[in-house]
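For reference, the structure is listed below as structure tokens.
The values are calculated or read from the model by the stated rules, or taken from the named source; none is laboratory data. Predicted model only: the values in this text are computed from it and were never measured. Cβ atoms come from the backbone with ideal geometry, glycine included; neighbour counts cover every protein chain shown.
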Amino acid sequence: MKGMQVQLRAGVIAVFFAVFCHSAPAQDAPSKAAPAREAMNIAPRATPADYQAHAQAGNITIAAEFTGHSIATPEAVLSTESYVVVEVGLFGPPEARLKLSPDDFSLRINGKKTPVPAQPYALVSKSAKDPEWEASVPSQSKSKSKTSLGGDGNADDPPPAPVHMPIELRRAMEQRILKASLPEGERVLPEAGLIFFEHGGKVDNIRSIELIYTGAAGKATLELQP
């Protein structure tokens, strides 16, 4: 009987030791990187007065602020050289609902007769940049060629290969822009989001901006600050 107990105890110890050895390396394994923070929507500001300008369209208050070439998402401020951005907020009576669409908005820059229509976020994403990521990329723009007087470079050397943002980061950036864009469809107010307009010029050359709304609530024009 004692012999059987000794054998049983030895077997239990052997099993415990095997399980311990199998699980121990997992404790030393490097932990996985934390997942990227999920993209968030633009939250409406507390009141319409918290924006640059606001105006009435029926019983709906439309508020807006011009942000130039900056795409201010909740996670980071991105940029685009080909578009300008307006953050809008729509407010109404308690439990008011309104059908929203970026197509309800256009932008008149410098008093031009024909205002610029809003553009879908997908087009903006193609030209968007992340200044924080751009700053982290080592500079590769130095020319390898020098003058023949100093010359330790070769004029025939090919230029350095361009550095592209990793696909995972670009997709995350596109999701940020999508989530930050003005939502479409019937929504309970207040609601807010970004609207994009094609304009590749410098913001410094903009003298006047008018945001024009023509939608389900009626019509309104807001004078924004460049």
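Going by what's in this entry, would residue 48 be described as at negative phi and surrounded by fewer than 17 Cβ atoms within 10 Å (Cβ to Cβ)?
On the way: at negative phi: yes; surrounded by fewer than 17 Cβ atoms within 10 Å (Cβ to Cβ): no.
No, not satisfied.
Each row is one residue, and each column tells you yes or no for (1) part of a strand (DSSP E or B); (2) over 16 Å from the mean Cα position of the chain (by Cα); (3) within 14 Å of residue 192 (Cα to Cα); (4) among the small types (Gly, Ala, Ser).
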{"site": "64", "(1), (2), (3), (4)": "yes, yes, yes, yes"}
{"site": "67", "(1), (2), (3), (4)": "yes, no, no, no"}
{"site": "74", "(1), (2), (3), (4)": "no, no, yes, no"}
{"site": "89", "(1), (2), (3), (4)": "yes, yes, yes, yes"}
{"site": "93", "(1), (2), (3), (4)": "no, yes, no, no"}
{"site": "99", "(1), (2), (3), (4)": "yes, yes, yes, no"}
Completion exercise
Going through (1) assigned to a loop (DSSP other than H, G, I, E, B); (2) surrounded by 14 or more Cβ atoms within 10 Å (Cβ to Cβ); (3) modelled with pLDDT of 95 or more one by one, residue 197 fails only at (1)
Problem - Every residue from the range 201-226 that is touching a strand residue (DSSP E or B) at 6+ places or on another chain (Cβ under 8 Å), farther than 16 Å from residue 105 by Cα and in a loop (DSSP other than H, G, I, E, B) - result: 206, 208, 225, 226
